Structure formats: C-alpha cells, structure tokens
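Report on one structure; see the data block that follows.
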Amino acid sequence: MTLDQRIEKDLTELYEGKEITCAKELQSVLEVSTKGLPQHFVGDRNAKTVFVQLNPGKNVKMADEDFKKVTANYDRTNAASFIKSYINEKTNFGNIDAKRKDSFDEKQAAFLKHFEDSGIDIPASFPEEKTEALCLQAKENVLMQKCQLELLPYCSPRFYVSRQKANALIPYVETLLDEIFRVKRKYVIFGSAIFADLFKKMQSENIKVEFLKEDEIHPVKNPLKAQLVKITKDGKSVNAVIVRSFPRQDIGRAYNVMAEYGKLCFELLKKTKFEKSKLVNKQ
C-alpha cells in the first residue's frame, strides 16, 4: 500500500468505530495500539529531508483511551473530512504543538544541525545554547520543515521485534520507500539499526539495497555507528544513512553529542556524493 492508502484505510476504520485491522494483525509481532490515533507522518511530505523513526512511543492503553480526546476537533461530517483533519494536523503539528518542549524532537534538531541545505532552519546557536526559546524554535522547525515517517504508525511504549518475526514489517518498509521515492529527496535517514536487517531481506527485481561504507565516532563510552546504503527502486536510486545508534537512551539529551553524530552522517553522505561526482567527471 502507498502511504495515502494506509492513511485512508486506518482512519476510515477508526472513524467507523472499528479497530485498525493492520494494527490487529501485528499483535503477534509487537503489541501496538489498535484503537488509538496512529502517526503515519509529521511535517512536509515533499521535504528535502526525510527522517524515518520506529513508531510513536506511547502506552497502548493510554493511546486507545485518548482517541476521542485527541480527535475532538476533527471534522466528523464523513470519513473523508475526518481524514482531511488528520492530515492537516500532522502536516502542521510543529505549529500546533509549538509551545511544548520535547526532548526527542530537540534531539532530532541537534542531529540535523550540520546537514547543509537540508531545508530545515536550525537556530545557529543551538544546541550549544539551550534556552527555552531556542529549543522551542528548533523543535518547531524540525517538525515543520522535514518529512518524518514511521516504520509502524501505531503506538507502543517500546519497540522490539525478533528477527524471526521481522518479515511482517517488510510491507511497511515498502510503503516507506514508495513515499520516499515519490519526490526528489536530498537526505534520507533511517533512525535505527533494524532497518539494516530489514533491507537485507528485501532484495528483489524492483528494490535493491547496497551496503556501502560504515563509520563511527567515540564521543561517549560506546561508539556511535552509521551505515551508508544505496537504495534503488524501479530504476531510481538514492543514498541514505542508517543511524544505528540514534535510539540509544544514553545520548538522548546529549545534544552536542547528537550534533557531532549528525555531522559524521552528513560527511559520510557528502563524501560519497563527491566521489560519485569525481567518477562521472573522469569518465
């Protein structure tokens, strides 16, 4: 399914008072919310920069119980108007949620600080300075000016899927790739090591993933690792980086460390583009 098809299916079922079928089918793989509002994307779906996360982190019971409250302002005239309200909220969530601090979104902003021409306006003095105003501005911009996608759009308090059950996630990766390749992107980032395992399972006539360079830095006790990949879908290719260490809790609020980690990933992508350019010119 495309992302639009997933949104339409899931939101129509919720509008009709049903559980989300796709979420129910995942229960043997990972316990996720089946009655709560999903999060298929946040921000600008046509943005230069795409950052793919695992899924929205929230207690399953709480997500289910909060559905009516979080959709109280949605237009319930019909399913189409309900879906339109959802898309509008997710597109503009950075503005809607502008006054609330959030360490996860600030962490994303810090990571993306050194990505040149990303389309995201990260305040120049962030994250070296972390005043409330700077943190709120960085958070709002990183939510509004990039495309954030989720491997699974359904809430859970934690994310663990065994390798034996990982095949159930492949249709969701196919949806992600369809959305990523829908428009031209400058930066594509996958925020967990699980994507490396999933890509190894996905080689086909239409999708090919080449594993290129790996690199790491050591600003903390355990190294922060990055994996460069080249993804080809239906004849079109994009270089992407898997930030294997991004979900680690020990660096979640270490914004200066995240900025350094992001710089490593940016330089990994930039170096590959430079080497490709040299090769083309040489030929």
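The values are calculated or read from the model by the stated rules, or taken from the named source; none is laboratory data. All figures in this text were calculated on a predicted structure; none of them were measured in a lab. Counting neighbours? That spans all protein chains shown, and the Cβs are built from the backbone with ideal geometry, glycine included.
The figures follow:
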| item | result |
| --- | --- |
| Looking only at segment 79-105, and only at residues there that are over 20 Å from LEU3 (Cβ atoms) and in contact (Cβ under 8 Å) with a residue 40 or more places away in the chain, the one that is nearest to the chain's Cα centre (by Cα) | PHE104 |
| Odd one out for LYS18 among (1) of a type in the set (Lys, Arg); (2) buried (at least 20 other Cβ atoms within 10 Å of the Cβ); (3) assigned to a loop (DSSP other than H, G, I, E, B) | (2) |
| Members of segment 202-233 that are surrounded by fewer than 14 Cβ atoms within 10 Å (Cβ to Cβ), under 21 Å from LEU169 (Cα atoms) and not acidic (Asp, Glu) | GLN203, SER204, ASN206, PHE211 |
| Qualifying residue in segment 54-73 (condition: surrounded by fewer than 22 Cβ atoms within 10 Å (Cβ to Cβ), more than 19 Å from the chain's Cα centre (by Cα) and among the hydroxyl-bearing types (Ser, Thr, Tyr)) | yes |
| Single residue of LYS208, LYS184 found to be outside any loop (DSSP other than H, G, I, E, B) and either under 19 Å from the mean Cα position of the chain (by Cα) or touching a residue at least 12 places away in the same chain (Cβ under 8 Å) (or both) | LYS208 |
| Candidate set: segment 76-113, residues that are among the aliphatic types (A, V, I, L, M) and farther than 20 Å from VAL50 by Cα; chosen: the one surrounded by the most Cβ atoms within 10 Å (Cβ to Cβ) | ILE83 |
| Selection status of ALA23, outside any loop (DSSP other than H, G, I, E, B) and crowded, with 19+ Cβ neighbours inside 10 Å | yes |
| Helices (runs of 4 or more DSSP H) enclosed by segment 27-137 - at least 3 residues per element that are over 30 Å from CYS265 (Cα atoms) | 60-65, 67-70, 79-91 |
| Which numbered condition LEU143 fails, given (1) surrounded by fewer than 14 Cβ atoms within 10 Å (Cβ to Cβ); (2) touching a helix residue (DSSP H, G or I) at 6+ places or on another chain (Cβ under 6 Å) | (1) |
| Which numbered condition GLN164 misses (of (1) surrounded by fewer than 18 Cβ atoms within 10 Å (Cβ to Cβ); (2) modelled with pLDDT of 95 or more; (3) outside any loop (DSSP other than H, G, I, E, B); (4) of a type in the set (S, T, N, Q)) | (2) |
